[in-house]
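Heads up, the thing below is written out as structure tokens.
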Amino acid sequence: MNHEANESGDIVNQSSESKQAENQQQQSIRDKIINQVLKGENPSSLNLIFTDLKEAKLIGVNLNKMYLSGVELSNANLTGAQLIEVDLSEADLSDARLVDVQLIGANLNSINLIGANLNNANLKDSNLSTAKLNNACLIGANLSGANLSGAQLLNANLNNTQLYKTYLWNANLNNAQLVNADLTGAYMNNVKLNSANLTRAILKDAQLAEAKLKNANLEWVDFNRAQLDNANLKNANLSGACLEEANLLNANLEEAILHNTDLRKANLTNTNLMNAKVENARFGWNIGISEEVKLYLKREGAIFEDD
């Protein structure tokens with residue numbers, strides 16, 4: 001009996017020692033990587049895939065074109081880092097500090113950036129498809145031409161962000177902040193922006209077919225020539241917004257606030273304007289609007305300039 005107990009104890013001790021040795025080896029690799037990086041040396045000879053670098057201080061490091069797929073960098077500080085064309089697919093950078101970081105052309109597919117600070121980061125032409133950016137801060141960031149298809153951006157802060165011709169198909173930006181964001185020509189079909197704040201954002205020529213914009217704040221937004229066919233704008237606030245020449249075919253504007261909104265030359269074929277608040281809204285030269293709907297809108301305070 002004692003012999004069996006001793007054998008069992010030896011196995012446990014060996015397992016514990018083995019785990020301790022493995023942890024020491026990992027720590028040694030981690031320290032070596034961090035030291036090399038901080039000295040400005042090239043760590044490319046090291047295998048960084050799935051390496052644990054959480055909470056590492058890597059301010060201003062140059063990791064351009066490095067393959068860092070799956071690396072653990074949660075809570076790390078990479079302020080001002082050079083990460084141009086880096087591969088961080090499936091990496092964990094949750095709660096990381098990435099202020100002023102350069103991520104131009106980076107592969108960030110399926111990356112975890114939940115709660116990360118990316119203020120003033122340059123993510124131009126990067127691949128962020130299916131990335132997790134919930135609660136992330138991207139104030140003043142450049143995401144022009146980036147691919148955010150299927151990305152999660154719930155409650156994210158994108159105020160003053162550049163999103164020129166960005167791909168946001170099927171992305172979820174519910175409750176996000178996009179005040180003064182530039183989304184000119186963005187591809188946003190089936191995007192979710194329910195209860196989001198896009199005050200004074202620019203969405204000229206944006207593709208928003210089947211977009212979900214219920215209860216969104218869209219005051220003074222520029223939707224000039226935007227494609228909003230089949231979009232759901234129920235209860236949205238579009239006060240002062242420009243929808244001139246916008247395509248609202250089959251769109252739902254039920255109970256939307258359209259005070260002082262410009263809807264001239266908009267396509268209103270089968271558009272639902274039931275109970276919309278249209279005081280001083282400007283209509284005229286619209287496609288698909290019936291005389292009956294016109295009379296209804298006029299009674300509610302709308303202005304038709306083509307009369």
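Quick one: angle between helix 2-38 and the longest Cα principal axis of the chain, in degrees between 0 and 90, rounded to 10, please.
Approximately 60 degrees, to the nearest ten.
Tell me, Kirkwood radius of segment 240-307 from alpha-carbon pair distances, in Å?
Across segment 240-307, the inverse of the average 1/r is 11.3 Å.
Between Arg200 and Ile59, what is the label-point separation in nm under the 7 Å Cα-to-beta-carbon projection?
Going from the Ile59 label point to the Arg200 one covers 3.3 nm.
For the chain, evaluate the Debye formula with one uniform point scatterer on each Cα (no solvent term) and list log10 I(q)/I(0) at q = 0.16 Å⁻¹, rounded to two decimals.
-1.10
Would you mind telling me the antiparallel percentage of the DSSP bridges in segment 64-201, rounded to 5?
The antiparallel fraction comes to roughly 0 percent.
Within the set Lys165/Lys204; Lys192/Lys234; Lys277/Lys298; Lys132/Lys204; Lys204/Lys298; Lys165/Lys212, which residue pairs have Cα atoms separated by over 21 Å?
Over 21 Å apart, Cα to Cα: Lys132/Lys204; Lys204/Lys298.
Translational D (Stokes-Einstein, µm²/s) of segment 230-269 at 25 °C and 0.890 mPa s when Rh comes from the Kirkwood sum over C-alpha pairs?
Stokes-Einstein gives a translational diffusion coefficient of 245 µm²/s.
Aspartates and glutamates within cross-link reach of Lys57: Cα-Cα under 20 Å, excluding same-chain residues under 8 positions apart?
Leaving aside aspartates and glutamates fewer than 8 places away in the same chain, those within reach of Lys57 are Asp31, Glu41, Glu72, Asp87, Asp92, Asp95, Asp100.
Taking the Cα centroid of segment 150-193 and of segment 221-240, what is the distance between the two, rounded to the nearest whole Å?
14
Please compute the per residue accessible area over the chain with all protein chains in place, 1.4 Å probe, rounded to a whole number of Å².
Spelled out: the 1.4 Å probe surface of the chain, per residue, equals 46 Å².
Where nothing but the Cβ of Lys and Arg (+1) and of Asp and Glu (-1) is charged, how large is the charge dipole of segment 181-307 around its Cα centre, in debye to the nearest 20?
With only Lys, Arg, Asp and Glu charged at Cβ, the dipole is about 300 debye.
Hey, what D do you get for segment 159-300 in µm²/s if you plug the Kirkwood alpha-carbon radius into Stokes-Einstein at 25 °C and 0.890 mPa s?
Estimated diffusion coefficient is 171 µm²/s.
For segment 98-171, what D do you get in µm² per second when you plug the Kirkwood radius from alpha-carbon pairs into Stokes-Einstein at 4 °C and 1.567 mPa s?
114
Tally up the carbon and sulfur contribution to the accessible surface of the chain as a whole percent, 1.4 Å probe, everything protein left in place.
On the chain, the fraction of accessible area on carbon and sulfur atoms equals 43 percent.
The values are calculated or read from the model by the stated rules, or taken from the named source; none is laboratory data. Not measured: the values here are computed from a predicted model. Please note: Cβ atoms are built from the backbone with ideal geometry, for glycine as well, and neighbour counts cover all protein chains shown. Ligands, DNA and RNA are excluded from the accessible area calculation, which covers all protein heavy atoms including side chains. Shrake-Rupley method; radii C 1.70, N 1.55, O 1.52, S 1.80 Å.
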